[in-house]
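These notes are about the structure you will find just below.
The values are calculated or read from the model by the stated rules, or taken from the named source; none is laboratory data. In this text the structure is predicted, and so the values were computed from the model without any measurement. Heads up, the Cβs are rebuilt from the backbone with ideal geometry, glycines too, and the neighbour counts pull from every protein chain shown.
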Number of protein chains: 4
Amino acid sequence: MNVIRYMPGPEDWAHHFGAGPARLDIAPGDVVQVATEDCFGGLVRSPADLPSEVVPFEALNPVSGPFHVEGAEPGDALAVHFIDIVPSKPTAISSLFPHFGALSPTHETALLADPLPEKVWFYQLDLDRWTARFSALSSDFALELPLDPMHGTVGVAPPAGEQRLVMIPSTYGGNLDTPELRAGTTLYLPVNVDGALLALGDGHARQGEGEVTGTGLECAMHTVFTVDVIKDAAPAWPRLENATAIMSTGSIRPLEDAYRISQKDLVEWVTELLPVDQYDAYQLVSQLGTAPVANVCDPNYTFVSRFPKSVLGAGAAYGGVHARLAAVAEEYRAAHPRIW
Amino acid sequence: MNVIRYMPGPEDWAHHFGAGPARLDIAPGDVVQVATEDCFGGLVRSPADLPSEVVPFEALNPVSGPFHVEGAEPGDALAVHFIDIVPSKPTAISSLFPHFGALSPTHETALLADPLPEKVWFYQLDLDRWTARFSALSSDFALELPLDPMHGTVGVAPPAGEQRLVMIPSTYGGNLDTPELRAGTTLYLPVNVDGALLALGDGHARQGEGEVTGTGLECAMHTVFTVDVIKDAAPAWPRLENATAIMSTGSIRPLEDAYRISQKDLVEWVTELLPVDQYDAYQLVSQLGTAPVANVCDPNYTFVSRFPKSVLGAGAAYGGVHARLAAVAEEYRAAHPRIW
Amino acid sequence: MNVIRYMPGPEDWAHHFGAGPARLDIAPGDVVQVATEDCFGGLVRSPADLPSEVVPFEALNPVSGPFHVEGAEPGDALAVHFIDIVPSKPTAISSLFPHFGALSPTHETALLADPLPEKVWFYQLDLDRWTARFSALSSDFALELPLDPMHGTVGVAPPAGEQRLVMIPSTYGGNLDTPELRAGTTLYLPVNVDGALLALGDGHARQGEGEVTGTGLECAMHTVFTVDVIKDAAPAWPRLENATAIMSTGSIRPLEDAYRISQKDLVEWVTELLPVDQYDAYQLVSQLGTAPVANVCDPNYTFVSRFPKSVLGAGAAYGGVHARLAAVAEEYRAAHPRIW
Amino acid sequence: MNVIRYMPGPEDWAHHFGAGPARLDIAPGDVVQVATEDCFGGLVRSPADLPSEVVPFEALNPVSGPFHVEGAEPGDALAVHFIDIVPSKPTAISSLFPHFGALSPTHETALLADPLPEKVWFYQLDLDRWTARFSALSSDFALELPLDPMHGTVGVAPPAGEQRLVMIPSTYGGNLDTPELRAGTTLYLPVNVDGALLALGDGHARQGEGEVTGTGLECAMHTVFTVDVIKDAAPAWPRLENATAIMSTGSIRPLEDAYRISQKDLVEWVTELLPVDQYDAYQLVSQLGTAPVANVCDPNYTFVSRFPKSVLGAGAAYGGVHARLAAVAEEYRAAHPRIW
């Protein structure tokens, strides 16, 4: 097992998918330990630091990478399996950002009405108890929330020579902002350029479905992942798999089109995995599918559509790559009891 | 415990919310046993019966009721607690209906492209094993699905003198088509006219989130519910509560507006139940909320936004009416071991 | 020429389409002179009268009618030709209404942000100069606007027994709020019940495309119209025709679906009128069509799609009924030089 | 008058905004004669050439440029005035492209239904009569359409280091696809990088509002334009001005958000140009504004919102730059009677 550690500093971070040179070469089967900074670039250091004042727009949401994956060629699928995602600082930060979030006028849903006020919450993290402590700004109310760490942003270089800001989710991944991107999950991304150019960041200690304010519990992470390349198997949109479900995503506006994309992709996936035609698969997705919204705040909205693996029988996605990567994860964890 | 049984025939069914006289008077605390027909009005009797041919448009989705609830006045909330929902026939039916469903051109998303073909699936129900058997139309593949019975349509008379077809979800309830409307759940509806005029139907033996084809496992039901009236507490949109969560709904197009309505209502509800202002509540919903889509096929799309009761502490919704109605349900079940 | 005058008082007004008895029987070929009140029910009498305070919700947007049209049966088209629309009072009123208008948070696009403030503008009308005088609220700036009177609301009873509030636009007409509904235009509506039950109101001395604030220059009108019935020719959605264009409408959310409905209907209409198939018609609409938005503020948004009659050659819509009704209008005007 | 001619070949074309080096340096006041290729890259040479077969995706919609504009710095506005736009080949081409156009299932509005068939129309252009001849594919019907040449795609480098495909409309211009971009119009774009990096292409001999099929009368153009730089005046979204109107644009999905963006920008522009506050300006836009949709087919939908210059009095946009550029155009035309 080849374990690589990558600890980038601000000068190493990327702010686009599809721009700049690879920071590191990795190969299928490698296990990568990577540090990521929070979505504020680490610049919000106290509740008095308003993000709109201390974080320049172009410094938002830095990602670690891109990583060049050996053997990944256009048309392939890149499988990224998250072995562990652990907050690396004692606090997580959430905020109301002006003109951001689903319940405020925004630059996209442009109104003459005033935006919501900017506010910042600091959560104290307790890794032993695996909790985050919320303290109300308007009273002395406090609450312990369970941690459920994930990465908001994981993606590769876009197709057709585009270069996109990291806060956008799309066909190549990016800022999907779904709580499903937690440890134990495999993400399948289409490879658009040689080496795929994988990058990731925007860790959340947890987030709700929809990320309605526009922010989760934003925090720096120590993350461990492994990758594989599946030849000629590029999905049209990012797909996920965990122990119990396969999942398709769609990222676009309006939200019903994000739902449609993810459902259509899931129907096509189920058609591949079960001995039925697309109408039978459509019927099964309609009865067995769950559909938790991911984000309703980013430049594109993201939906996740899930189907239970329990009914797939022998039909394993991508020849069982998820199970193989989960075995690598187990092997790694056995050898690294403290994860990192 | 006053138990009332109501077994309507086709001549008793209603097809609108807000039209026609009450079929029955009930009072808070009464337990009502009611039979409902499937969304096809019972007219699809074999897989060869195409709904578009055998079911006139105006016969679709009949509801049982309306029930006049003693003491319910405009401005009140009507609490409807589902004690049990049990399929009353050995089969459930699902179909692709022309110009219906999220992945077909429809009358609302009107395209020049051809709609999907009409198809009908019959599911065999096994109440002992609590399963439904799916048989593929395109192969000999078959599958057992767990039952999770619910009502797609539950509503009261609309405000302002409107009279709406039963397949529409809106502020007064109606065709919400969420799997959350199962036994054990309390639905809170605004009362718009004296007696509320509650009606219900459109039972599903189960459905996925989004009801993407436009139909669940449609079946006739034997349903038991009880009601209460909460004075001067009409919610703006239907709310739900079960053992673990409070839930707000929004029903409108586009889907992001349904999400916004349900999230805003949930933020306001949490603001009432916790000692925090709306910004702290917004923050908590953003981190702890889940948001399973209900339907993306009906004339309005419906979103459900959930918040865990575990963090509400002593803050019980509507003075604890859900717990009181759940106790009535327990008492009923103790006295009626076979439910009906 | 049978000329009928109908001057309803508040007790005669209707507030729904599809409810209540006909106020008057009219026949094809009759010319009707009808008075309509403004959308505030005449209750805003000075700029200090805030609509949200002086106009109960259910009193908004009264319509005159319904009129029972002799011979109109379900499946027919009702042609309504506007001969003249003239403001009947010296002022028109416009307002910012809380939670209304495309650039404010609304009940449908529900945000936590505050709505825009309520404000009222009184316009002085000068029928000789055919202008309306705008006076700014924030300065002494003033401006003369040309009059272009129209009816925001014209409709018939909905299908399938529904009863809808007058501020909603849909398949049966209603609150379309398009400036195209001016004198000289014929509106084609589907007949859903015997006699059609036509009603109209919501006069605007003028409005922009989209009616972005939610109000035009709202005023009471003296209106003259004539009707005809076209057997078995019910359009799916309201259509319009004037001297130079045929027009299809669609009323729904999101706005692209309203556009799609109106464009698809226009393609189908052009397919009927030219010796080409739907793909050629689609091509011609794509190159020659204009598409002015009607309203982006009502419960459904409305789009109008226009096609120039100049290229239709001999292909006259509905057998040339517009030309015949325009001739009736000319005859009426010749006999009534002062219109009314 | 400095007149520059630029005749790029395929090796010179650009396919992104924000990528690659400037092809030419120009200065404010220069008059540029530029040739542009059609959106198919000139590769559709007969009606039998299906675009999906003969045009690789990345070859679609080539633009001429980018041009580096002397003195244009981030934060400035670039004014581009079109002096003339003339088809340079005898035919224009339109097509139904699979999964494109507002009335077909697309990659964004993803359905299980089949897309519309691919079809190609060739129009014969007659520059003397200034017409294009449509010949139906389904019959021998033919029609002369008036020419109204325009550029679908005009833009500059995007902000924040993005690199976008040319078929996307956004804040930096791009594929706006509005018939308003005709000769005589000034387009105002925000400058995001030194030199602005202006590029243009996608000429249409004409198109309808909405470009419903996804294509206009696509043709190669000989175009003449001049530019100016307005310091520190970058608009948030592209703006236009012609002899009679100022116009704001918004490009996003859903379509109501494109409308909102363009209306809000127009309200803000009118607030600058008239001595009133934003509420009075909102009121005036609501009554005097027109709002022709531009495209409902591109990755973002585009709306144009217009306000009549007749009521602006002395309030000239950007210090009267449009009038100055129109004077340059007149001078050029006087000196170049055959335009080019």
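Pairing residues of segment D:318-331 that are at negative phi with residues that are not hydrophobic (A, V, I, L, M, F, W, C), at Cβ distances under 6 Å and at least 6 apart in sequence or on separate chains, gives D:VAL321/D:ASP228; D:HIS322/D:THR186; D:HIS322/D:GLU241; D:LEU325/D:HIS81; D:LEU325/D:THR186; D:LEU325/D:THR226; D:VAL328/D:THR226.
Of all residues being assigned to a strand (DSSP E or B) and among the hydrophobic types (A, V, I, L, M, F, W, C) in segment A:136-145, which is farthest from the other protein chains (Cβ to nearest Cβ)? Just the residue, please. Quick ask: steps written out before the conclusion?
Here is the first cut: in segment A:136-145, the residues assigned to a strand (DSSP E or B) are A:142-145.
Retained after the next criterion (residues that are among the hydrophobic types (A, V, I, L, M, F, W, C)): A:142-143, A:145.
Values: A:ALA142: 10, A:LEU143: 6, A:LEU145: 6 Å.
Among those residues, the one meeting the criterion is A:ALA142.
Checking B:ASP114, B:ASP49, B:ASP76 one by one, the residue that is without any contact (Cβ under 8 Å) to a residue 12 or more places away in the chain and either out of contact with any Cys (no Cβ under 8 Å at 6 or more places or on another chain) or within 14 Å of chain D (Cβ to nearest Cβ) (or both) is B:ASP114 and no other.
Out of the residues in segment A:291-315 that are without any contact (Cβ under 8 Å) to a residue 40 or more places away in the chain and surrounded by fewer than 24 Cβ atoms within 10 Å (Cβ to Cβ), which is farthest from the other protein chains (Cβ to nearest Cβ)? Write out each step before concluding.
At the first step, the residues of segment A:291-315 found to be without any contact (Cβ under 8 Å) to a residue 40 or more places away in the chain are A:291, A:311, A:313-314.
Those left that are additionally surrounded by fewer than 24 Cβ atoms within 10 Å (Cβ to Cβ): A:311, A:313-314.
Values: A:VAL311: 6, A:GLY313: 9, A:ALA314: 12 Å.
Restricting to residues being without any contact (Cβ under 8 Å) to a residue 40 or more places away in the chain and surrounded by fewer than 24 Cβ atoms within 10 Å (Cβ to Cβ), the top hit is A:ALA314.
The condition (being farther than 17 Å from C:SER135 by Cα and out of contact with any Asp or Glu (no Cβ under 6 Å at 6 or more places or on another chain)) is satisfied by just one residue among D:VAL285, D:VAL328, D:VAL311: D:VAL328. Can you name the residue in segment D:212-258 that is among the β-branched types (Val, Ile, Thr) and surrounded by fewer than 22 Cβ atoms within 10 Å (Cβ to Cβ) and is also nearest to the other protein chains (Cβ to nearest Cβ) among such residues? Result: D:THR244.
Are any of the residues in segment A:295-302 part of a helix (DSSP H, G or I) and in contact with a helix residue (DSSP H, G or I) (Cβ under 8 Å, 6 or more places away or on another chain)? No, segment A:295-302 has no match at all.
Residues that are more than 30 Å from C:ALA157 (Cα to Cα) and either out of contact with any Gly (no Cβ under 8 Å at 6 or more places or on another chain) or not hydrophobic (A, V, I, L, M, F, W, C) (or both): find the strands (runs of 3 or more DSSP E) completely inside segment C:72-135 holding 3 or more of those. Explain how you work it out, then say what you get.
Details: elements: C:77-87, C:91-96, C:119-126, C:131-135.
Filter on segment C:72-135 gives C:119-126, C:131-135.
Per the listing A:THR91, A:THR36, A:THR106, the residue uniquely touching a His at 6+ places or on another chain (Cβ under 6 Å) and surrounded by 20 or more Cβ atoms within 10 Å (Cβ to Cβ) is A:THR106. Restricting attention to segment B:52-71 and to residues that are within 13 Å of chain C (Cβ to nearest Cβ), in a loop (DSSP other than H, G, I, E, B) and out of contact with any Ser or Thr (no Cβ under 7 Å at 6 or more places or on another chain), the residue that is farthest from B:ILE168 (Cα to Cα) turns out to be B:PRO56. In the set (1) out of contact with any strand residue (DSSP E or B) (no Cβ under 7 Å at 6 or more places or on another chain); (2) closer than 30 Å to B:GLY250 by Cβ, the condition left unmet by C:VAL63 is number (1).
From the set of residues in segment C:265-279 that are more than 7 Å from every other protein chain (Cβ to nearest Cβ) and out of contact with any Asp or Glu (no Cβ under 8 Å at 6 or more places or on another chain), which is surrounded by the fewest Cβ atoms within 10 Å (Cβ to Cβ)?
Keep residues of segment C:265-279 that are more than 7 Å from every other protein chain (Cβ to nearest Cβ), which gives C:265-266, C:268-273.
Those left that are additionally out of contact with any Asp or Glu (no Cβ under 8 Å at 6 or more places or on another chain): C:265-266, C:268-270, C:272-273.
Numbers: C:ASP265: 21, C:LEU266: 28, C:GLU268: 19, C:TRP269: 23, C:VAL270: 25, C:GLU272: 10, C:LEU273: 20.
The extreme case among them is C:GLU272.
Collect the residues in segment D:91-111 that are of a type outside the set (S, T, N, Q), touching a residue at least 24 places away in the same chain (Cβ under 8 Å) and within 23 Å of D:TYR301 (Cα to Cα), keeping them in residue-number order. Give the steps one after another, and end with the answer.
Applying the first criterion (of a type outside the set (S, T, N, Q)) to segment D:91-111 yields D:92-93, D:96-103, D:105, D:107-108, D:110-111.
With the extra rule that they be touching a residue at least 24 places away in the same chain (Cβ under 8 Å), the set shrinks to D:92-93, D:96-98, D:100-103, D:108.
D:ILE93, D:LEU96, D:PHE97, D:PRO98, D:PHE100, D:GLY101, D:ALA102, D:LEU103, D:GLU108 - these are the residues of segment D:91-111 that are of a type outside the set (S, T, N, Q), touching a residue at least 24 places away in the same chain (Cβ under 8 Å) and within 23 Å of D:TYR301 (Cα to Cα).
Away from chain C (no Cβ under 14 Å) and surrounded by fewer than 24 Cβ atoms within 10 Å (Cβ to Cβ): is that true of A:PHE100 in this structure? Step through it out loud before you land on a result.
Details: away from chain C (no Cβ under 14 Å): no; surrounded by fewer than 24 Cβ atoms within 10 Å (Cβ to Cβ): yes.
No; evaluated as a whole, the condition is false for this residue.
For segment B:68-120, a residue qualifies if it is of a type in the set (Gly, Ala, Ser) and either touching a strand residue (DSSP E or B) at 6+ places or on another chain (Cβ under 7 Å) or within 17 Å of B:GLY201 (Cβ to Cβ) (or both), and the qualifying residues are B:GLY71, B:ALA72, B:ALA77, B:ALA79, B:SER88, B:ALA92, B:SER94, B:SER95, B:ALA102. The requirement of being more than 21 Å from the chain's Cα centre (by Cα), modelled with pLDDT of 95 or more, farther than 30 Å from D:ARG338 by Cβ and away from chain B (no Cβ under 14 Å) is not satisfied by D:GLU108.
Each row is one residue, and each column tells you yes or no for (1) more than 23 Å from B:VAL229 (Cα to Cα); (2) touching a helix residue (DSSP H, G or I) at 6+ places or on another chain (Cβ under 9 Å); (3) away from chain C (no Cβ under 14 Å).
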| position | (1), (2), (3) |
| --- | --- |
| B:ASP12 | yes, no, yes |
| B:ARG23 | no, no, yes |
| B:VAL31 | no, yes, yes |
| B:GLU37 | yes, no, yes |
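All conditions in (1) within 11 Å of chain D (Cβ to nearest Cβ); (2) closer than 19 Å to D:GLU256 by Cα hold for C:TYR282, with the sole exception of (2).
Residues in segment C:1-10 that are in contact with a Gly (Cβ under 9 Å, 6 or more places away or on another chain) and under 18 Å from C:PHE225 (Cα atoms): C:MET1, C:ASN2, C:TYR6, C:PRO8.
Looking at this structure, is A:VAL154 over 21 Å from A:TYR301 (Cα atoms) and surrounded by 18 or more Cβ atoms within 10 Å (Cβ to Cβ)?
Working: over 21 Å from A:TYR301 (Cα atoms): no; surrounded by 18 or more Cβ atoms within 10 Å (Cβ to Cβ): yes.
So A:VAL154 fails the test.
Is it fair to say B:GLY289 is farther than 30 Å from C:ILE168 by Cα and modelled with pLDDT under 95? When the stated conditions are applied, B:GLY289 does not pass them.
Could you please give the count of residues in segment A:12-48 that are charged (D, E, K, R) and under 19 Å from A:THR153 (Cα atoms)? Lay out the reasoning, then the answer.
So in segment A:12-48, the residues charged (D, E, K, R) come out as A:12, A:23, A:25, A:30, A:37-38, A:45.
Filter once more, keeping what is under 19 Å from A:THR153 (Cα atoms): A:12, A:23, A:37-38.
Number satisfying all stated conditions: 4.
Checking each residue in segment C:157-166 for being among the small types (Gly, Ala, Ser) and either buried (at least 24 other Cβ atoms within 10 Å of the Cβ) or more than 9 Å from every other protein chain (Cβ to nearest Cβ) (or both) picks out only C:ALA157. Note on segment A:20-37: residues that are at pLDDT 95 or above, in contact with a Pro (Cβ under 9 Å, 6 or more places away or on another chain) and assigned to a loop (DSSP other than H, G, I, E, B) amount to 4.
For segment D:1-16, which residues satisfy the criterion of being over 25 Å from A:ARG164 (Cβ atoms), surrounded by 12 or more Cβ atoms within 10 Å (Cβ to Cβ) and not β-branched (Val, Ile, Thr)?
If we filter segment D:1-16 for residues that are over 25 Å from A:ARG164 (Cβ atoms), which is where we start, we get D:1-12.
Of the ones still in play, those that are also surrounded by 12 or more Cβ atoms within 10 Å (Cβ to Cβ) are D:3-6, D:8, D:12.
Selection gives D:ARG5, D:TYR6, D:PRO8, D:ASP12.
Going residue by residue through segment A:35-43, is there one that turns out to be over 20 Å from A:GLY173 (Cβ atoms), touching a strand residue (DSSP E or B) at 6+ places or on another chain (Cβ under 9 Å) and not basic (Lys, Arg)? The answer is yes; a qualifying residue exists. Could you check segment A:227-258 and list, in sequence order, the residues that are among the polar types (S, T, N, Q) and touching a Gly at 6+ places or on another chain (Cβ under 7 Å)? Within segment A:227-258, just A:ASN242 meets the criteria.
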